[in-house]
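Worksheet for the structure shown next.
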């Protein structure tokens, strides 16, 4: 059974440390996971959609890229369910309401969760060209993001959705200054309100989540979906 953990952080940003790679190295999480919409939820995905936000600091004014490792569904990395039949769509958004739209910060993909301006999109099925390889979105201009004064930066959003099939798509992101290499942006960060990922097959491995709690926060709600009996949450 696939083990996935959903972290729901309300009224705050859920940060992944110095999050140029997603998942972050310190989290010891192998891959993000999004299933095709025909998959059984018992595999661990309750809505077949996952959104991440990237915060670009206001002082950064150069082009940047969002890179996706193994964006297709098929081959060594992904989770097969019968035959490979899954198609995933990645969409990058910026502009007004990209993040400040309330629906964008919910844990379920409903309403105007695809708020903002669509900057790029690409669909992937089984494609050996992208198996264990990177695909790069961009370049993007930081000015294309939604400026948020409180965080002193501009926010972009990327959504991965399984639009067909029943396999599990495992992938990673990297926010980079380079189209062909992973080079971090100083001061940049990534966060999400729903975090769906594949855990290690080795039960001795320990994964870590590092939620960031802002000053003035009086309560935090953390929930998980479909946690099986072969692991522990501490």
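The values are calculated or read from the model by the stated rules, or taken from the named source; none is laboratory data. Bear in mind the structure is a predicted one, so any value in this text is a computation, not a measurement. Heads up, the Cβs are rebuilt from the backbone with ideal geometry, glycines too, and the neighbour counts pull from every protein chain shown.
Points worth noting:
- Failed item, numbered, when residue 44 is tested on (1) touching a strand residue (DSSP E or B) at 6+ places or on another chain (Cβ under 9 Å); (2) surrounded by fewer than 24 Cβ atoms within 10 Å (Cβ to Cβ); (3) more than 23 Å from residue 181 (Cα to Cα): (2)
- Test: residue in the range 164-181 that is buried (at least 19 other Cβ atoms within 10 Å of the Cβ), closer than 30 Å to residue 82 by Cα, touching a residue at least 40 places away in the same chain (Cβ under 8 Å) and touching a helix residue (DSSP H, G or I) at 6+ places or on another chain (Cβ under 9 Å): yes
- Flag if residue 210 is in contact (Cβ under 8 Å) with a residue 60 or more places away in the chain, part of a loop (DSSP other than H, G, I, E, B) and surrounded by 18 or more Cβ atoms within 10 Å (Cβ to Cβ): no
- Residues that are assigned to a strand (DSSP E or B) and either modelled with pLDDT of 90 or more or buried (at least 23 other Cβ atoms within 10 Å of the Cβ) (or both), drawn from the range 11-41: 21, 22, 31, 32, 33, 34, 35, 36
- Residue match in the range 173-189 (condition: within 25 Å of residue 47 (Cβ to Cβ) and either modelled with pLDDT under 85 or part of a loop (DSSP other than H, G, I, E, B) (or both)): no
- Boolean, residue 201 is within 16 Å of residue 50 (Cα to Cα), surrounded by fewer than 15 Cβ atoms within 10 Å (Cβ to Cβ) and out of contact with any helix residue (DSSP H, G or I) (no Cβ under 7 Å at 6 or more places or on another chain): no
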